[in-house]
1. Out of PRO323, PRO318, I need the residue that is under 17 Å from ALA175 (Cα atoms) and open to solvent by 30 Å² or more (accessible area, probe 1.4 Å). Which one?
2. Taking region 59-96 only, how many residues are over 22 Å from GLY376 (Cα atoms), hydroxyl-bearing (Ser, Thr, Tyr) and surrounded by fewer than 21 Cβ atoms within 10 Å (Cβ to Cβ)?
3. Counting only residues that are open to solvent by less than 60 Å² (accessible area, probe 1.4 Å) and touching a strand residue (DSSP E or B) at 6+ places or on another chain (Cβ under 7 Å), how many does region 353-371 have?
4. Out of the residues in region 234-269 meeting the condition of being of a type in the set (Asp, Glu), assigned to a helix (DSSP H, G or I) and surrounded by fewer than 18 Cβ atoms within 10 Å (Cβ to Cβ), tell me which one is nearest to the chain's Cα centre (by Cα).
5. Quickly run through region 311-362 and pick out the residues that are β-branched (Val, Ile, Thr) and out of contact with any helix residue (DSSP H, G or I) (no Cβ under 9 Å at 6 or more places or on another chain).
6. Return the pair list, or none, for Cβ contacts closer than 7 Å from residues in region 310-329 that are free of Cβ contacts under 8 Å to residues at least 24 places away in the same chain to residues that are not in a loop (DSSP other than H, G, I, E, B), at least 6 apart or on different chains.
7. Based on what the data block shows, is PHE81 within 20 Å of VAL167 (Cα to Cα), under 19 Å from the mean Cα position of the chain (by Cα) and modelled with pLDDT of 95 or more?
Amino acid sequence: MTVPAVPHPETAADERSRTLRAAVREAVEGHAPALLELSRSLHAEPETAFEEHRSAARCAGLLAAHGFDVTAPAHGLDTAFRATIGSGPVTVAIACEYDALPGLGHACGHNLIAAAGVGAALGLAPYADELGLTVRVIGTPAEERGAGKALLLDAGAFDGVDAAMMVHPCPFEMADFRSFALGTLDVTYTGRAAHPSLNPHEGRNAADALTVAQVALGLLRQQLPAQWRVHGITTAAGTAPNAIPDRATATYEIRALAAEDLRELRQRVEDCFRAGALATDCEVELERPEPDYLDFRGDPELIGLWSANARELGRAEPVERPPFACTDMGNVSHAVPSIHPVLDISGGACGPHEAAFAEAALSPVAEQALLDGAVGMAWTAADFAAARI
């Protein structure tokens with residue numbers, strides 16, 4: 001009598017994993033027309049920080065139509081949303097960015113980020129419980145300016161999350177993405193108006209105060225570490241040459257490799273602006289218009305899972321690059337294991353924040369990256385959950 005062979009447990013598990021992965025990919029690809037339409041519609045009607053009402057509604061609406069429990073607005077931000085499906089013990093958050101750049105539209109490709117995030121969630125939705133997942137999609141406004149994710153993090157949007165992820169378009173492929181820490185500073189000098197010929201001695205020149213500060217910053221740069229950056233613009237410095245300006249304003253950004261370094265750099269930069277006030281007998285007001293963006297710290301386990309999945313999808317081999325950008329996803333990465341892989345959509349021909357990159361974000365190459373990003377994130381979430389169950 002022949003006894004049927006009993007499959008080895010690993011073989012059965014492998015077969016189940018392959019079946020689920022194929023099903024998840026098929027689910028994402030089944031939603032491809034809706035995902036591409038979502039990306040194109042966001043691109044056609046760009047909305048800037050905290051104004052992304054249509055964009056958020058489109059993303060949330062597509063998720064709600066496929067069974068997600070949607071809260072909008074969410075966590076105290078009018079253009080944030082939260083969508084959840086599944087009841088597994090492992091919670092994975094997928095971040096959707098959808099804000100655009102003033103004057104440049106989606107020259108950072110956030111239309112692709114949002115659609116890829118929605119796509120990953122839709123791919124996981126039918127299998128979330130079987131995979132042991134609770135899928136949480138977080139609509140995150142104001143990445144370009146305003147640090148929306150930092151605000152959401154403080155409001156509890158990422159509480160109870162075991163892993164967080166998103167993908168970002170770029171001119172190259174990168175799995176182990178790293179970013180600068182970024183701080184913003186708004187400067188206002190207040191002096192005393194006077195006629196430059198009749199009574200200049202009674203004036204206190206606010207524009208001169210800013211000039212002194214800029215000279216001090218120029219000298220400071222000579223002693224800064226190579227990866228520390230200080231840059232900014234003058235936003236007001238008088239209205240007529242025959243009036244000593246009593247008000248001058250500027251906006252500056254500072255960058256460092258780590259959040260710890262940013263604190264030291266901010267103190268030194270602020271001292272330069274205080275020097276301008278001291279030298280000209282003006283008053284200075286220094287304000288932080290948004291939370292600091294912390295440096296992104298990718299989780300090694302998630303990076304490894306993503307890299308294997310990207311390779312299976314036929315993505316190009318990733319490159320290694322030093323930090324070159326800033327993102328409020330960095331704040332999330334300090335609190336939750338996270339990944340932020342970047343996907344090539346331009347072959348190096350153009351990069352984010354260029355007008356040509358907005359055009360690239362509608363290309364067939366970009367739309368393939370959108371779908372690959374959705375599948376790759378869904379697979380990575382499934383692999384992450386499998387390792388914990």
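1. On the way: PRO323 fails: open to solvent by 30 Å² or more (accessible area, probe 1.4 Å).
It is PRO318.
2. 1
3. Qualifying residue count, region 353-371: 4.
4. By that ranking, first place goes to GLU260.
5. Correct list: VAL319, VAL342.
6. Matching pairs, first to second residue: none at all.
7. Yes; evaluated as a whole, the condition is true for this residue.
Residues checked against (1) hydroxyl-bearing (Ser, Thr, Tyr); (2) within 30 Å of ALA387 (Cβ to Cβ):
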| position | (1), (2) |
| --- | --- |
| TYR127 | yes, yes |
| LEU133 | no, yes |
| VAL137 | no, yes |
| LYS149 | no, yes |
| ALA163 | no, yes |
| MET166 | no, yes |
| ALA194 | no, no |
| ASP208 | no, no |
| VAL212 | no, no |
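The values are calculated or read from the model by the stated rules, or taken from the named source; none is laboratory data. All of these numbers come straight from a predicted model, not from anything done at the bench. In this analysis, Cβ positions are derived from the backbone assuming ideal geometry, glycine residues included, and neighbour counts consider all displayed protein chains. SASA here: full protein model, heavy atoms, side chains in, ligands and nucleic acids out. Shrake-Rupley method; radii C 1.70, N 1.55, O 1.52, S 1.80 Å.
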